[in-house]
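In what follows, a single structure is set out as structure tokens and then discussed.
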Amino acid sequence: MSKQSYAVTIAGGGSTYTPGVVLMLIADREKFPINRICLYDNDAKRQETIARACEIYVRENAPEVKFEYTTDPETAFTGIDFVLAQIRVGKYEMRDKDEKIPLKYGVLGQETCGPGGIAYGLRSIGGVLEILDYMEKYSPNAWMLNYSNPAAIVAEATRRLRPSSKIINICDMPIALMDIMANMCGLHDHKDLVYGYYGLNHFGWWWKVEDKAGHDLMPTIKEHMAKNGYASENADMQFIDASWDATFRKAKDVYAVDPNTIPNTYLKYYLYSDYVVAHTDPKHTRTDEVREGREKNVFGTARQIIEKGTAEGFGLKADEHSEYIVDLAMALAENTHERFMLIVPNHGAVENFDPTAMVEIPCIVGSDGYEKICQGTIPQFQKGMMEQQVSVEKLAVSAWIDHSYQELWQALTLSKTVPSASVAKQILDDLIEANKDFWPELH
Ligand code: NAD
Ligand code: G6P
Ligand code: MN
């Protein structure tokens, strides 16, 4: 695709992550040149606050970059090279229900795991497909980098329903965790590591971590995990909220279940769901924490920038967690052949696992897309857990396609977080009522 410069549209322009992505695009334009940034959202009012602040920042720091925001798909998706998608269908109002409804029945409530993740999945599929279709209609050669959650369910839906589309699904959790691992080993960040990993999104394990010279770093990382999990004095700033701190500490117990591998933090929701429920206030869940923290800060700063008419003096700096998105776009545009953890169709990359599963594994990315790195055969424990979880995700997508109550009940019943078919049914009936503006009508 190598061009002189690129046009990027951010879908979900009103997202709390948008300023971080815009700042990173501006900061990185030496290595990834851009000529246009367009924000697109279907909520004009929410987007406007973020967009007007970003507009001021871009004007002050990169006046040569054209900045626009719109709710019109044709304007947003015409003449572009990349879509960075970060939509939340139903917004925090619905995330709140995803988290609180299961808790009424003693089942964990989480954005991407268990019944909450399934509910969110059935809202996200249509939204992400709509954006993909706009992109293909107005800019058929563009790439969509999707990190709208729940990425596992969205990825399975796009595999089934848009198999030839130029979409790559990604997650920042493995990168954040590898930054912590690098730190444990006295290295700078994830780019200093060579790794082996297999799993589903928010559901995987590292089996190999080495430095660039081929030294095995697993013994150092294991020692740290056994003592502290991912907790460390230099813990990453994005994760300073109390709930993330608890998750990093709990990784110690997750690691103990299989000390041969290093687990993703999200496995805590499956392996210690009773503990998670016991330590959750059913009236104050992660959504409340995000609204009182990240959302309030991001929108508060944006309003102040608009009021003052300048972004100077706010100490704004590019969000490191947006770096991987820009790096991935650059790898596709400029054929860098860098290693990325992506969510891709298995087809033998994990040898003894469903070839039709969307697995999260390391890949090499260049201008033709990605090449998967085979991860060999996986142990019985991980295989068993992944078979169960991939079935949950596949049944959820089938339920959306077939409008099937039965398949959705099976998906919930099969989730390791749900104790029985009867509890699954009660939660499902509540979720159907709460999601009637978003889900297909189930029969
Ligand atoms: P947010 O609610 O602040 O922003 C989402 C935006 O999407 C809102 O402005 C909303 O109006 C918009 N939107 C909803 N439906 C839309 C549609 N159909 N078309 C266009 N716009 C639409 O949410 P947030 O907390 O900033 O998170 C944004 C998304 O990024 C979520 O899906 C979140 O889970 C995801 N995320 C993923 C990763 C990852 O690792 N994959 C990391 C961070 C965030
Ligand atoms: C991690 C996950 C994302 C998730 C994000 C924010 O980075 O990989 O998938 O969306 O955390 O979660 P939060 O609870 O802060 O909105
Ligand atoms: Mn993620």
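Laid out as a table, the results:
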quantity	calculated
Per-region count, segment 284-336, residues over 17 Å from residue 29 (Cβ atoms) and open to solvent by less than 30 Å² (accessible area, probe 1.4 Å)	10
Filtered residues of segment 342-390 (kept if open to solvent by less than 10 Å² (accessible area, probe 1.4 Å), in a strand (DSSP E or B) and not small (Gly, Ala, Ser))	342, 343, 344, 350, 359, 360, 361, 362, 363, 365
Boolean, residue 66 is of a type in the set (Lys, Arg), open to solvent by 10 Å² or more (accessible area, probe 1.4 Å) and on the phi > 0 side of the Ramachandran plot	no
Output for segment 222-244, where each listed residue is closer than 24 Å to residue 257 by Cα, modelled with pLDDT under 85 and among the charged types (D, E, K, R)	none
Candidates 202, 215, filtered to the one that is within 13 Å of ligand 3 (Cβ to nearest atom) and either at pLDDT 95 or above or among the small types (Gly, Ala, Ser) (or both)	202
Matching residues, segment 303-322, being part of a loop (DSSP other than H, G, I, E, B) and either over 17 Å from residue 21 (Cβ atoms) or not acidic (Asp, Glu) (or both)	309, 310, 311, 312, 313, 314, 315, 316, 317, 318
Test for residue 305: is it in contact with a Leu (Cβ under 9 Å, 6 or more places away or on another chain), farther than 22 Å from residue 392 by Cβ and modelled with pLDDT under 95	no
Selection from segment 116-163 of residues that are under 14 Å from the mean Cα position of the chain (by Cα), of a type in the set (Ser, Thr, Tyr) and open to solvent by less than 20 Å² (accessible area, probe 1.4 Å)	120, 124, 148
Yes/no for residue 21 being among the aliphatic types (A, V, I, L, M), closer than 20 Å to residue 333 by Cα and part of a helix (DSSP H, G or I)	yes
Check on residue 99, more than 17 Å from residue 418 (Cβ to Cβ), assigned to a helix (DSSP H, G or I) and within 14 Å of ligand 1 (Cβ to nearest atom)	no
Which listed residue is open to solvent by less than 30 Å² (accessible area, probe 1.4 Å), closer than 28 Å to residue 141 by Cα, of a type in the set (S, T, N, Q) and out of contact with any Asp or Glu (no Cβ under 8 Å at 6 or more places or on another chain), from 112, 78, 18, 49	18
Filtered residues of segment 21-46 (kept if surrounded by fewer than 20 Cβ atoms within 10 Å (Cβ to Cβ) and either without any contact (Cβ under 8 Å) to a residue 40 or more places away in the chain or over 23 Å from residue 327 (Cβ atoms) (or both))	29, 30, 33, 35, 42, 43, 44, 45, 46
Tabulated pairs, segment 148-177, first under 13 Å from residue 122 (Cα atoms) and in a loop (DSSP other than H, G, I, E, B), second of a type in the set (A, V, I, L, M, F, W, C) and within 11 Å of ligand 1 (Cβ to nearest atom), C-beta under 9 angstrom, 6+ apart or interchain	148/11; 148/85; 148/87; 148/89; 148/128; 148/131; 148/154; 149/171
In segment 391-432, residue surrounded by the most Cβ atoms within 10 Å (Cβ to Cβ) [restricted to those that are of a type in the set (Gly, Ala, Ser) and assigned to a loop (DSSP other than H, G, I, E, B)]	415
Residues (away from ligand 1 (no atom under 15 Å from the Cβ) and in a strand (DSSP E or B)) located in segment 178-198	193, 194, 195, 196, 198
Among the residues listed as 130, 136, the single one being charged (D, E, K, R) and near ligand 1 (Cβ under 9 Å from one of its atoms)	130
Where a residue in segment 317-345 is on the phi > 0 side of the Ramachandran plot and its partner, wherever it lies, is surrounded by fewer than 17 Cβ atoms within 10 Å (Cβ to Cβ), with Cβ under 6 Å and at least six apart	335/366; 335/367; 337/364; 337/366
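The values are calculated or read from the model by the stated rules, or taken from the named source; none is laboratory data. Not measured: the values here are computed from a predicted model. Methodologically, a virtual Cβ is constructed for each residue, glycine included, from the backbone with ideal geometry; neighbour enumeration extends over all protein chains shown. Quick note on the areas: whole protein, heavy atoms, side chains included, nothing else; ligands and nucleic acids left out. Shrake-Rupley method; radii C 1.70, N 1.55, O 1.52, S 1.80 Å.
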